[in-house]
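K.L.:
Handing you a structure now.
Laboratory data are not the source of any read-out in this text; all were calculated from the coordinates shown. As the structure is a prediction and not an experimental result, all values here were calculated from the model. Here Cβ is always computed from backbone atoms with ideal geometry, including for glycine, and neighbour counts include all displayed protein chains.
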Amino acid sequence: MPRSTWTGYWPARTARTDGLTHGLADPREIVLVEFVRLLLVFLHLLGMALLVGMFLVQRRAAADAPLNKGWLHVAALQLITGLALQLLAPATDQDYNGMKLGIKTLILLVIAALALVYVIRRVPAPKWLPPSLVGLVVVNVGIAVFWT
């Protein structure tokens, strides 16, 4: 059957020239995009662990110690990597739930806002603040894992 009359379900594959396939994505580009996605996921998971670690650091600090600046830095890392993963979704054929990501972003913004207020004020962190922040982190992780 001649190629011009064939109407299969798959895209027509043409001969390779110069290491590239016409009509299909270059495999090197696919590998690069997937590497970037996995790197962002790694950094995002590392940020979650660092937020829990900031809670442990804050617990070891004196009772009248201000909130550690690490809360703010790691919240920024989480926000940047999360948004980058959302923006990279079309290139990686990932399908994300918009409602889920909106709620997770809102919770992260609450964490960042509380951290920002108490880091800027440089007053002793109230006793309720670190457990509240880590509680919000755990809620965010729970949403990420269990909301499918």
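K.L.:
Based on the Cβ-Cβ distance of residue 73 and residue 42, what FRET efficiency does E = 1/(1 + (r/R0)^6) give at R0 = 22 Å, to the nearest 0.05?
P.N.:
After rounding, the FRET efficiency stands at 0.80.
K.L.:
Once you have the Cα-Cα distance between residue 91 and residue 113, take 0.36 nm times their residue separation minus that, and quote the gain in nm to one decimal.
P.N.:
4.8 nm
K.L.:
Next question, about the same structure. For a quick protection proxy, order the peptides 80-86, 31-37 by their average other-Cβ count within 10 Å, most packed first.
P.N.:
Listed from highest to lowest mean packing, they are 80-86, 31-37.
K.L.:
What is the packing order of peptides 88-99, 47-58, 118-129, 62-73, taking the mean over residues of other C-beta atoms within 10 Å and listing the highest first?
P.N.:
Final packing ranking: 47-58, 62-73, 118-129, 88-99.
K.L.:
Please state, to two decimals, what the Cα-based radius of gyration of region 24-146 comes to when divided by 2.2 N^0.38 Å (N = residues).
P.N.:
That ratio works out to 1.22.
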